[in-house]
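Participant: Dropping a structure here in structure tokens format, bear with me for questions.
Since every read-out is calculated from the coordinates, none of them should be taken as a lab result. What you see is a predicted model, and the numbers here were worked out from it, not measured in a lab. Virtual Cβ from ideal backbone geometry, glycine too; neighbours counted across all protein chains shown.
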Amino acid sequence: MAKKISCLWILGCLLLMACHQEQIYDNAVDIPNEQWIQDMPACFNVPIVDTTCFCSMSLNIRNSVDYGFSNLYLFITMVLPDGRMARDTVNCLLASKDGRWLGKGMGSIKTLNIPFRTDMVFPMSGMYQFYVEQAMRTDTLIGIKNIGIRIDKEIVEK
């Protein structure tokens, strides 16, 4: 029995080592006074060189416990180096149905990483712009400290 458990443990470790991520970009924008005005997007300029790799993108949200909703709707606009645009709407769950915050952190600030895209390939090299706007039905959203994006290169080792 112990031999079986050891073999499974070693196999699990090998699988975890075989696939990892290399960070391409990670940045966050502070929301002044935790008051996110609807038409004031967070802007990110992301230089992309490698157009052959698969990437994953996630959103990083820091909110105070004073945030009045259990979710956060976002509009995410990507502008390619040639000016073409793509836009997505994302519903980010920040709290469970029973009201517990899903983010980590002690005290009044919670941090949550939300996977947004996987197996993403950038079609051309150059500077990409990402605009993240709050899409809640209120002009000024209270309680979001900052919003960030992270892009990782997905690496599979053989």
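Participant: Taking only the C-alpha atoms, wrap a convex hull around the range 21-156 and report its volume per residue in Å³ as a whole number. Each step should come with its number before you reach the end.
Facilitator: Working: hull volume 15.3 nm³, N = 136.
Once divided by residue count, the hull of the range 21-156 is 113 Å³.
Participant: Now for a different question. Could you list Glu154, Glu133, Glu22 so that the one with the fewest beta carbons within 10 Å of its beta carbon is first and the one with the most is last? Mind dumping the intermediate values first?
Facilitator: On the way: Glu154 15, Glu133 20, Glu22 11.
Final ranking by Cβ density, sparse to dense: Glu22, Glu154, Glu133.
Participant: I need the phi-derived Karplus couplings for the range 33-47: 6.51 cos²θ - 1.76 cosθ + 1.60, θ = phi - 60°, integer Hz, Gly and Pro marked x.
Facilitator: In residue order, the calculated couplings are 6, 6, 10, 8, 6, 4, 9, 10, x, 7, 10, 10, 9, 10, x Hz.
Participant: How much of the calculated P(r) for the range 101-158 lies past 17 Å, in percent of all Cα pairs?
Facilitator: Values: 1006 of 1653 pairs.
Percent of Cα pairs beyond 17 Å in the range 101-158: 61.
Participant: Provide the per-residue ³J(HN,Hα) series for the range 141-146, in order, calculated from phi with Karplus coefficients 6.51, -1.76, 1.60 and θ = phi - 60°, each as a whole number of Hz, with x at glycine and proline positions.
Facilitator: 9, 9, x, 9, 7, 7
Participant: What size of dipole, in debye to the nearest 20, comes out for the range 21-156 about its Cα centre when the only charges are +1 on Lys and Arg C-beta atoms and -1 on Asp and Glu C-beta atoms?
Facilitator: On the way: 12 positive and 15 negative charges, 73 e Å.
Its charge dipole is roughly 340 debye.
Participant: Follow-up question, since we're still on this one. When the expected Rg is taken as 2.2 N^0.38 Å, what fraction or multiple of it is the alpha-carbon Rg of the range 61-102? Walk me through the numbers on the way to the answer.
Facilitator: On the way: Rg = 14.4 Å, N = 42, 2.2 N^0.38 = 9.1 Å.
Normalised Rg, Cα atoms only: 1.58.
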